[in-house]
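The values are calculated or read from the model by the stated rules, or taken from the named source; none is laboratory data. Everything numeric here is computed off the predicted structure, so don't read it as measured data. Note: ideal-geometry Cβ built from the backbone for every residue, glycine included; neighbour counts use all protein chains shown.
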Amino acid sequence: MGSIDAQIALLAIAALFFLFGTGVWIGLSMIGVSVAVMWIFAPAKPAGDAMATTIFSDTSSWTLTALPLFIWMGEVLFRTAISEDMFRGLAPWMRRLPGRLVHTNIIGCSIFAAVSGSSAATCATIGKMTVPELKRRGYPDDIAIGSLSGAGTLGLLIPPSLIMIVYGVQADVSVAKLFAAGVIPGIMLAGLMMAYVAGWALLNPSKVPPPDPPMPLAQKLSESRTLIPVVLLILLVLGSIYAGIATATESAAFGVVGSFVIAALQRRLNWQTFWDSVMGATRLTAMILLILAGASYLKLAMGFTGLPRHLAETIAAMNLSPAALIVVLAILYIILGCFLDGISMVVLTIAIVLPMVEQAGIDKLWFGIFITVVVEMAQITPPVGFNLFVLQGMTGKSIFWIGRVSLPFFIAMNICVVLLYLFPGLVTFLPDLMVSAAR
Amino acid sequence: MRFYLRKLYDVTGALGGVFMIVLLAFVLYSVGPGVGLWLEQSFGLPNLFNYVARSADEFSGYAMLASAFLAMASTFGRGEHIRVTLFLQRLKGGARRAAELWCLGLGVLLAGYLAWFSVRLCYVSWELNDLSTGLIAIPLWIPQLGMAIGAIVLVIAIVEQLFIVATGGPLMEEPSGEEAMHIER
């Protein structure tokens, strides 16, 4: 590939960011730039027909159907009493931890993350209960809201995960394996966040409100009964994947049915909530699929430019160590994450970045977890971050204030990436153990 | 006119919802034999789902495609399609309106391109009588029809919005923070 070609391809990427910047819808921007690229680099090919065929086949893939189902499951659970239940069940156990009820945010988000694939949905569902309860007890806003914003992102790392589904489909990595790979890093990141909260509490004892009155063990256990439904749902969804009974898609279908059972038992299920959950999931899927449609066409077009291969060769020629490449990519993603949402960021870059990463000898599975953690960072970096939007809606604080109080948790994610790099076994251990690699 | 257009988006959106339910049904149907076998092997229960879920995976994908495309316009109408509004929000008055016109104008062109070739894909499949490759072969124009209709309605929605903004009507609403969980990826 000549350097002129490379320059034109880079110009196309610049044009793409120009369109993004002026506010053109992301999926449509990608279609526009791809058409132009096809006209320039593959003038003999029918650009429009190639687009329609690619979009049709890529956005009707079986693996991808896990995405709408997990979204639907989250929509159903948001409409149940699961948020109240989890707070009631967890709060009595947090008295002795330094930082007390702040940990209900982190543990609550971690548990809910095991049934939710999205960061903002986790944040919104857990926050519905913890935000008012912590405020009422006098916990300072900065730690209460910062920890929720940070821990909400665990929705992406702890399986199921929408980002992992999108990455798995794009990078051709087993979604079930990605789900398994996210478990240990997710628990580790939750641990890092709890350690920060504990450290903060020990340094600022005056800011931690007094504990709730003590509760006898029997009563504590009885309060924790409220956690049973969510635990059963986790067993159903993740257990069926790890036991090799179900693919990610099928476990998502179990999850939707299971959530409806919980909603029905809590008497929260009626025609209105049912239809609201269907339409919420449908529109969210439509929004994501427009981006994926644009991205699949962009991937095709970029293939004709040869840019991904060219960049991979350049990187190889530079003899960049994997560590250096990861640092460069992490910085790139953190900057992109300030302005783009996670899914756009992943689908936009995968076609170009993946050949490079493979060239450098980095495992695709490991890279999927890496990308999930950097997307988590993107959720809490202002000015564009969906956890920030959710919390702005819930608390009325400004995006930048929430971003600032989330900073310690952003740093925890960076530490997490470093640890994952030093100990890749944290990622690969569980997938290697899996019964069978489901589709 | 606006009333009927709104109805159109609502109806296609609701159809998208119906296909979401169809998707769930297909996936549950496809997982049945696996669950039956597992219950039989693990607990010795009789296998109630002893069938072959032919082409259920393929049909699930088609249901998802139809669901998403049919709901494109309704999603657009609520301002839920992702765009970067960071710089757009800084603009005031005429500059803002001009910028919106640029976005909507380009939106009409690009969505129109998508719709044109989606219709063409569907038409060519019908003409050549293309079949799907699964165990149950269905004519490919059937799933492609959902994509084509959804793309056309999306264009109509963007054209309507372009017309509104061009004639001095209100700009598109931004989804509020409350709704942010519904616009996450």
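Report, by residue number, each residue of the stretch A:48-75 that is of a type in the set (A, V, I, L, M) and crowded, with 21+ Cβ neighbours inside 10 Å.
A:MET51, A:ALA52, A:ILE55, A:LEU64, A:ALA66, A:LEU67, A:LEU69, A:ILE71, A:MET73
Consider only pairs whose beta carbons are under 6 Å apart and that are at least six residues apart or on different chains; among these, list those whose first residue lies in the stretch B:55-68 and is within 19 Å of B:TYR9 (Cα to Cα) and at the interface with another protein chain (Cβ under 7 Å from one of its Cβ atoms) and whose second residue is crowded, with 24+ Cβ neighbours inside 10 Å and among the polar types (S, T, N, Q).
B:MET64/A:THR65; B:LEU65/A:SER60; B:SER67/A:THR282; B:ALA68/A:THR285
Looking only at the stretch A:76-88, how many residues end up being surrounded by fewer than 24 Cβ atoms within 10 Å (Cβ to Cβ) and of a type outside the set (S, T, N, Q)?
Summing the residues that are surrounded by fewer than 24 Cβ atoms within 10 Å (Cβ to Cβ) and of a type outside the set (S, T, N, Q) in the stretch A:76-88 gives 7.
Looking at the stretch A:67-87, I want the residues that are over 17 Å from A:SER161 (Cβ atoms) and have a partner that is surrounded by fewer than 21 Cβ atoms within 10 Å (Cβ to Cβ) and acidic (Asp, Glu) with Cβ atoms under 8 Å, at least 6 apart or on another chain. Which pairs are those?
Going by the 8 Å Cβ cut-off, the qualifying pairs are A:ARG79/A:ASP276; A:PHE87/A:GLU133.
Can you find a residue in the stretch A:27-45 that is surrounded by fewer than 19 Cβ atoms within 10 Å (Cβ to Cβ) and either touching a Lys or Arg at 6+ places or on another chain (Cβ under 8 Å) or of a type outside the set (A, V, I, L, M, F, W, C) (or both)?
The answer is yes, given that some residue of the stretch A:27-45 is surrounded by fewer than 19 Cβ atoms within 10 Å (Cβ to Cβ) and either touching a Lys or Arg at 6+ places or on another chain (Cβ under 8 Å) or of a type outside the set (A, V, I, L, M, F, W, C) (or both).
Is it the case, given these coordinates, that B:SER118 is among the small types (Gly, Ala, Ser), crowded, with 17+ Cβ neighbours inside 10 Å and touching a residue at least 60 places away in the same chain (Cβ under 8 Å)?
The answer is no for B:SER118.
Being on the phi < 0 side of the Ramachandran plot, out of contact with any Asp or Glu (no Cβ under 6 Å at 6 or more places or on another chain) and more than 8 Å from every other protein chain (Cβ to nearest Cβ) is the requirement here; does B:ALA137 meet it?
yes
Considering each residue of the stretch B:117-132, count those that are more than 7 Å from every other protein chain (Cβ to nearest Cβ) and either assigned to a helix (DSSP H, G or I) or touching a Phe, Trp or Tyr at 6+ places or on another chain (Cβ under 6 Å) (or both), and give that number.
Residues flagged as more than 7 Å from every other protein chain (Cβ to nearest Cβ) and either assigned to a helix (DSSP H, G or I) or touching a Phe, Trp or Tyr at 6+ places or on another chain (Cβ under 6 Å) (or both) within the stretch B:117-132 amount to 8.
Can you tell me which residues in the stretch A:112-158 are among the aliphatic types (A, V, I, L, M) and over 15 Å from A:THR395 (Cα atoms)?
Within the stretch A:112-158, A:ALA113, A:ALA114, A:VAL115, A:ALA121, A:ALA151, A:LEU154, A:LEU156, A:LEU157, A:ILE158 qualify.
Cβ contacts < 9 Å: first residue more than 9 Å from every other protein chain (Cβ to nearest Cβ), restricted to the stretch B:32-43; second residue among the hydroxyl-bearing types (Ser, Thr, Tyr) and exposed (fewer than 14 other Cβ atoms within 10 Å of the Cβ), any location; separation 6+ or different chain. Result?
Taking only residues 6 or more apart or on different chains, the pairs are B:GLY32/B:TYR51; B:PRO33/B:TYR51; B:GLY36/B:TYR51.
Which of the numbered conditions does A:GLY138 fail, given that it passes all the others? Conditions: (1) modelled with pLDDT of 95 or more; (2) not in a helix (DSSP H, G or I).
(1)
Just checking, which of B:ALA99, B:ALA95 is out of contact with any strand residue (DSSP E or B) (no Cβ under 7 Å at 6 or more places or on another chain), aliphatic (A, V, I, L, M) and more than 7 Å from chain A (Cβ to nearest Cβ)?
B:ALA95
Please go through (1) surrounded by fewer than 18 Cβ atoms within 10 Å (Cβ to Cβ); (2) at the interface with chain A (Cβ under 7 Å from one of its Cβ atoms); (3) β-branched (Val, Ile, Thr) for B:VAL52 and return the number of the only condition it doesn't satisfy.
(2)
If I filter the stretch B:14-27 down to residues being within 7 Å of another protein chain (Cβ to nearest Cβ) and surrounded by 20 or more Cβ atoms within 10 Å (Cβ to Cβ), which single residue comes out as nearest to the chain's Cα centre (by Cα)?
B:GLY16
Could you grab me the full set of residues in the stretch A:200-212 that are assigned to a helix (DSSP H, G or I) and free of Cβ contacts under 8 Å to residues at least 40 places away in the same chain?
Those that are assigned to a helix (DSSP H, G or I) and free of Cβ contacts under 8 Å to residues at least 40 places away in the same chain: A:LEU203, A:PRO205, A:SER206.
If A:SER60 satisfies all but one of (1) closer than 14 Å to A:GLY303 by Cα; (2) facing chain B (nearest Cβ under 7 Å); (3) not in a helix (DSSP H, G or I), what's the number of the condition it fails?
Only one criterion in (1) closer than 14 Å to A:GLY303 by Cα; (2) facing chain B (nearest Cβ under 7 Å); (3) not in a helix (DSSP H, G or I) is unmet by A:SER60, namely (1).
Do we have any residue at all in the stretch B:69-87 that's within 29 Å of A:ILE71 (Cα to Cα), polar (S, T, N, Q), facing another protein chain (nearest Cβ under 8 Å) and in a helix (DSSP H, G or I)?
The answer is yes; a qualifying residue exists.
Taking A:THR54 as meeting all but one of (1) touching a Leu at 6+ places or on another chain (Cβ under 8 Å); (2) within 9 Å of chain B (Cβ to nearest Cβ); (3) closer than 27 Å to B:SER125 by Cβ, write down the number of the exception.
Result: A:THR54 passes all but (2).
Does A:VAL328 satisfy the condition of being part of a helix (DSSP H, G or I) and either touching a Ser or Thr at 6+ places or on another chain (Cβ under 9 Å) or buried (at least 19 other Cβ atoms within 10 Å of the Cβ) (or both)?
For A:VAL328, the condition - part of a helix (DSSP H, G or I) and either touching a Ser or Thr at 6+ places or on another chain (Cβ under 9 Å) or buried (at least 19 other Cβ atoms within 10 Å of the Cβ) (or both) - is not met.
For the stretch A:395-405, does any single residue satisfy the condition of being farther than 26 Å from A:LYS299 by Cβ, away from chain B (no Cβ under 13 Å), crowded, with 22+ Cβ neighbours inside 10 Å and in contact (Cβ under 8 Å) with a residue 40 or more places away in the chain?
Looking for residues that are farther than 26 Å from A:LYS299 by Cβ, away from chain B (no Cβ under 13 Å), crowded, with 22+ Cβ neighbours inside 10 Å and in contact (Cβ under 8 Å) with a residue 40 or more places away in the chain, one finds at least one in the stretch A:395-405, hence yes.
Name every residue in the stretch A:370-389 that is surrounded by 24 or more Cβ atoms within 10 Å (Cβ to Cβ) and of a type in the set (Ser, Thr, Tyr), in order of residue number.
Result: A:THR372, single match.
Kindly evaluate B:VAL108 against the criterion of being surrounded by fewer than 24 Cβ atoms within 10 Å (Cβ to Cβ), without any contact (Cβ under 8 Å) to a residue 60 or more places away in the chain, more than 7 Å from every other protein chain (Cβ to nearest Cβ) and in contact with a helix residue (DSSP H, G or I) (Cβ under 6 Å, 6 or more places away or on another chain).
The answer is yes for B:VAL108.
Name the one entry in A:MET194, A:MET215, A:MET188 that is part of a helix (DSSP H, G or I), within 19 Å of A:GLY99 (Cα to Cα), more than 17 Å from the chain's Cα centre (by Cα) and not charged (D, E, K, R).
None of the other options fit; the residue is A:MET194.
Being of a type outside the set (A, V, I, L, M, F, W, C), assigned to a loop (DSSP other than H, G, I, E, B) and over 27 Å from A:GLU133 (Cβ atoms) narrows it down to one residue among A:PRO383, A:PRO355; which is it?
Exactly one of A:PRO383, A:PRO355 is of a type outside the set (A, V, I, L, M, F, W, C), assigned to a loop (DSSP other than H, G, I, E, B) and over 27 Å from A:GLU133 (Cβ atoms), namely A:PRO383.
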